[in-house]
Amino acid sequence: KTASHKKNMKLTSYIKPNQIKLELDTKMDKELPENINIARYKREKKESVLIEITELFYNSGKISKKTELFNDLAFREKKATTAIGNGLAIPHVRTIQAKDLIIAFARSTEGIEYDAPDNNLVHLFFCLVTPTYNDKLYLKVLAQIANFLKNENFKQQLMEKQNEHEIIKLITHSEF
């Protein structure tokens with residue numbers, strides 16, 4: 001194989017500007033009502049984020065049924081949280097709703113309760129869906145995203161970029 005085959009695939013081939021949301025609409029409440037069910041509150045916030053992420057995937061034009069995709073993401077999240085700590089989550093699922101591998105990115109300046117193992121709020125959501133038959137590529141892309149997110153400078157820049165094109169440019173430069 002040539003050297004180009006050994007390089008990582010380009011994540012930017014799977015993410016477009018309309019699959020990026022610079023500020024999630026989902027927000028944490030400043031003060032919670034006294035009699036609130038905390039578990040339900042956290043679940044509702046997580047589902048609200050997943051609705052927004054589903055919309056980003058749907059924007060790709062490569063999703064069959066939006067509601068079914070949301071259900072697949074929510075079911076995956078119920079099995080085990082995709083929050084990995086340090087303000088990061090990587091919501092991902094293999095689903096028959098995806099016609100191709102798709103990456104979406106969303107951020108929350110304030111942070112959102114997302115069941116992180118370190119109990120910190122999540123600020124950066126790198127999201128991935130792929131058809132059920134695409135295991136090898138899925139695992140490769142998941143590993144590449146996780147690897148990028150180990151870099152503190154990369155995470156800081158993701159928080160600071162002002163538009164979708166800057167996010168894509170950052171990912172492009174990080175791929176080399």
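For region 8-24, does any single residue satisfy the condition of being open to solvent by 80 Å² or more (accessible area, probe 1.4 Å), closer than 28 Å to I168 by Cα, modelled with pLDDT under 95 and in a loop (DSSP other than H, G, I, E, B)? It would help to see each step written out before you state the result.
Taking region 8-24 as the starting set, the residues that turn out to be open to solvent by 80 Å² or more (accessible area, probe 1.4 Å) are 8, 16.
Still in the running and closer than 28 Å to I168 by Cα: 8, 16.
Cutting the leftovers down to modelled with pLDDT under 95 gives us 8.
Those left that are additionally in a loop (DSSP other than H, G, I, E, B): 8.
Yes, region 8-24 has at least one match.
Residues checked against (1) among the polar types (S, T, N, Q); (2) touching a helix residue (DSSP H, G or I) at 6+ places or on another chain (Cβ under 9 Å); (3) farther than 20 Å from Y138 by Cα:
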position	(1), (2), (3)
Y41	no, no, yes
L50	no, yes, no
T54	yes, yes, no
K62	no, no, no
I102	no, yes, no
R107	no, yes, yes
D118	no, no, yes
H123	no, yes, yes
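Contact list please: Cβ distance under 9 Å, first residue in region 25-44 and open to solvent by less than 70 Å² (accessible area, probe 1.4 Å), second residue part of a loop (DSSP other than H, G, I, E, B) and modelled with pLDDT of 90 or more, pairs at least six apart or on different chains.
M28/E113; M28/L121; Y41/E113
Within region 98-118, how many residues turn out to be of a type in the set (S, T, N, Q) and modelled with pLDDT under 95? Before the answer, list the steps.
So in region 98-118, the residues of a type in the set (S, T, N, Q) come out as 108-109.
Going one step further and asking which of them are modelled with pLDDT under 95, we end up with none.
The qualifying residues number 0.
(1) over 18 Å from I15 (Cβ atoms); (2) of a type outside the set (D, E, K, R); (3) over 12 Å from the mean Cα position of the chain (by Cα): which one isn't true of N151, the others all being true?
N151 satisfies all of (1) over 18 Å from I15 (Cβ atoms); (2) of a type outside the set (D, E, K, R); (3) over 12 Å from the mean Cα position of the chain (by Cα) except (1).
Could you say whether any residue in region 25-47 is among the aliphatic types (A, V, I, L, M) and within 14 Å of the chain's Cα centre (by Cα)?
Restricting attention to region 25-47, the residues satisfying the condition of being among the aliphatic types (A, V, I, L, M) are 28, 32, 36, 38-39.
Those left that are additionally within 14 Å of the chain's Cα centre (by Cα): none.
No, every residue in region 25-47 fails to be among the aliphatic types (A, V, I, L, M) and within 14 Å of the chain's Cα centre (by Cα).
The values are calculated or read from the model by the stated rules, or taken from the named source; none is laboratory data. Because the structure is predicted, anything quoted here is derived from the model rather than measured. Don't worry about glycine lacking a Cβ; one is built from the backbone with ideal geometry, like all the others, and counts go over all protein chains shown. Calculation scope for accessible area: heavy atoms of the full protein, side chains included, ligands and nucleic acids excluded. Shrake-Rupley method; radii C 1.70, N 1.55, O 1.52, S 1.80 Å.
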